[in-house]
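Peer 1: Quick one: structure below, then a few questions.
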Ligand code: URA
C-alpha cells in the first residue's frame, strides 16, 4: 500500500450513498493523482448481481461512470440479451476506482489500497451472484494465480456468493471468437438468477 492510512476505516459505514461520498475522497494510492476522478460504480445497490471489471478507462474517467466506452457498450448488449438492465438488475464496479495511466493493469499495491473500497461495496450490496469480467477481477477476488481461459465458466462459491468468471468485454472486442464462450457463461448466470433470485425473470435469448 502506498499511503497506509489507519483512518481508512469503512466498517462503520452502512449507507451506500455515504460510502460513495467517502470513497470519492480516497487518495490512498498513486492512481488518484493521475486521473480526473474516482469512478465509484453504477447500478442498483439493491441488485442481487454484481459485475466487477478491472478499472476505469479514459471514457469512464471522463464521465465518472463504469463501462461506458466501447467495452461498456458491448457489456450493455450482453446484459440486454440476458434480460438485465444496468440500472435495475445489476451493480457494476471495478477492482480499482481510479483510471490507471494508459489503461495499464492496476498494480498489486494499487488493488490492495483500493480493496477496502471494494469490500465495503460488496458488504453493503450483498450480491447473490458476482460476475468477474476478466483476469484482473478473477485474480483479485478468487485466485491470484487465476487464468481466465482456464477458470471462466466455472462457479466458485465464496463468502455466500456464487462467482462466475468470464472474459472481459474488451477481450471480446479484440477476439470476437471468444463471444461464444462468454455467452455460455452469461447464460449460466441467467439460469442461476432464475434459480436463486427470480424464477420469472425474462430474457429474450435464454
Ligand atoms: N474496463 C473496465 O475494466 N472497467 C471499466 O469501467 C471500463 C473498462
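The values are calculated or read from the model by the stated rules, or taken from the named source; none is laboratory data. Owing to the predicted nature of the structure, the values given are computational and were not obtained by experimental measurement. Don't worry about glycine lacking a Cβ; one is built from the backbone with ideal geometry, like all the others, and counts go over all protein chains shown.
Peer 1: Filter the stretch 28-44 for residues that are away from the ligand (no atom under 14 Å from the Cβ) and in contact (Cβ under 8 Å) with a residue 24 or more places away in the chain; which is nearest to residue 92 (Cα to Cα)?
Peer 2: Going through the qualifying residues, I end up with 44.
Peer 1: Please identify the pairs in which a residue from the stretch 119-137 that is farther than 25 Å from residue 184 by Cβ has its Cβ atom under 6 Å from the Cβ atom of a residue that is at pLDDT 95 or above and assigned to a loop (DSSP other than H, G, I, E, B), counting only partners at least 6 apart or on another chain.
Peer 2: Partner pairs satisfying both residue conditions: 120/10; 125/45.
Peer 1: Which residue out of 71, 107, 58, 46 is modelled with pLDDT of 95 or more and within 25 Å of residue 198 (Cα to Cα)?
Peer 2: Answer to the selection: 46.
Peer 1: Scan (1) more than 15 Å from the ligand (Cβ to nearest atom); (2) part of a helix (DSSP H, G or I); (3) over 14 Å from residue 52 (Cα atoms) for the single condition residue 157 breaks and write down its number.
Peer 2: Only one criterion in (1) more than 15 Å from the ligand (Cβ to nearest atom); (2) part of a helix (DSSP H, G or I); (3) over 14 Å from residue 52 (Cα atoms) is unmet by residue 157, namely (2).
Peer 1: Identify, please: which residue in the stretch 160-170 is within 19 Å of residue 115 (Cβ to Cβ) and surrounded by fewer than 21 Cβ atoms within 10 Å (Cβ to Cβ) and is, among those, farthest from the ligand (Cβ to nearest atom)?
Peer 2: The extreme case among them is 160.
Peer 1: Does residue 118 qualify as being in contact with a helix residue (DSSP H, G or I) (Cβ under 6 Å, 6 or more places away or on another chain) and within 25 Å of residue 45 (Cβ to Cβ)?
Peer 2: Taking the combined requirement at face value, the residue does not satisfy it.
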